[in-house]
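The values are calculated or read from the model by the stated rules, or taken from the named source; none is laboratory data. Given the structure is predicted, the values throughout are model-derived calculations rather than measurements. Quick reminder, even Gly has a Cβ in these numbers, built from the backbone with ideal geometry, and neighbours come from all protein chains shown. The accessibility values were calculated without ligands, DNA or RNA, using every heavy atom of the protein model including side chains. Shrake-Rupley method; radii C 1.70, N 1.55, O 1.52, S 1.80 Å.
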Amino acid sequence: MNKVVATGKTIEEAVKRGLARLAAEKDKVTVTVLEQPSKGFLGLIGAKDAKVELTLLPEPAPVSAASAPSLPQQNETQTTREAIGGAPRQDSEKPVEEAYQEAIHFIVDVAGSMGLHVDVEVIHSKDADTLQITGPDLGLLIGRRGQTLDALQYLANIVANRYSDSFIRLVLDAENFRERRKKTLEDLADRLAGRVVRTRKEVVLEPMSPQERKIIHSRLQDHRQVNTYSKGEEPNRRVVITLK
């Protein structure tokens, strides 16, 4: 037997099962993903297992010591990795990419349950990794003041971090909502700071998420006449703007 098809809750689990059936190491096979795993609503119930096909690589023909080519160990490793599909990369990259894909599957599933067809693209930057959602009628997915988008972001981060050895922080955005919301909050901070200076009375804002409170604090951190701080417990924690 030099070929098997195996299933599992994840691609990694399916590959492990296939390797066990072949009694082989991973570098001795090629792996073809036949079906990606899919999850039910909120990613809590698996709707479909992953399916992979493993094929044993042919054994190399024996060569004499005199005729065998002398290759550096690094090149041998590179050749083996390329033979099983793709250029060599750091072992830690695969779990991270898998985590991104799991988060994307989750978002697409949730949107689908809301009757929305969306596409999701990963955008990398030095500050954060953003999952940019595009599609028609995204207002339902964003919600009032971004509350639905924030809840979806929280759950997508939970899903992603199940599949990564290192901590991942994902930001979800749709229709450039994050940038528009940031501009709205910065304008609000400027306006309320002016009110505090005029009336000499502190202002307590409505409850906000940690990310939105950070925007207010950052906007006013260099203001010469007001200070900001937060009070209360989540999810009702608020920013307070007061005179220095």
Quiz item: Between Arg17 and Asp222, what is the spin-label point distance in nm, taking each point 7 Å from the Cα along the Cα→C-beta axis?
Solution: 5.8 nm
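Based on Cα coordinates alone, diagonalise the gyration tensor for segment 179-226, multiply each eigenvalue by 5, take square roots, and list the semi-axes in whole Å, largest first.
Numbers: eigenvalues 68, 25, 19 Å².
For segment 179-226, the semi-axes come out at 18, 11, 10 Å.
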Self-check item: Positive minus negative residues near Pro136 (Lys, Arg vs Asp, Glu; Cβ under 15 Å)
Solution: -3
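Tell me the carbon and sulfur percent of the accessible area for segment 93-175, rounded to whole percent, probe radius 1.4 Å.
Numbers: 2250 of 4260 Å².
C and S atoms contribute 53 percent here.
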Quiz prompt | Length gained when the stretch Gln147-Thr199 is fully extended (0.36 nm per residue, less Cα-Cα span) | solution = 15.6 nm
Quiz item: ³J(HN,Hα) across segment 204-212 via Karplus (A = 6.51, B = -1.76, C = 1.60, θ = phi - 60°), whole Hz, x for Gly/Pro?
Solution: 10, 7, 5, x, 9, 6, x, 5, 6
Practice problem: Report the Stokes-Einstein translational diffusion coefficient (µm² s⁻¹, integer) for segment 92-226, Rh taken as the Kirkwood radius over Cα pairs, at 37 °C with viscosity 0.692 mPa s. | Solution: 198 µm²/s
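Over segment 93-175, with the other protein chains present, what is the accessible area per residue in square angstrom, probe 1.4 angstrom?
About 51 Å² of surface per residue is accessible.
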Practice problem: Name the long-range amide H neighbours of Val171: under 5 Å, sequence gap of 5 or more, or other chain; modelled H, no Pro or chain starts. | Solution: Asp129, Thr130, Leu131
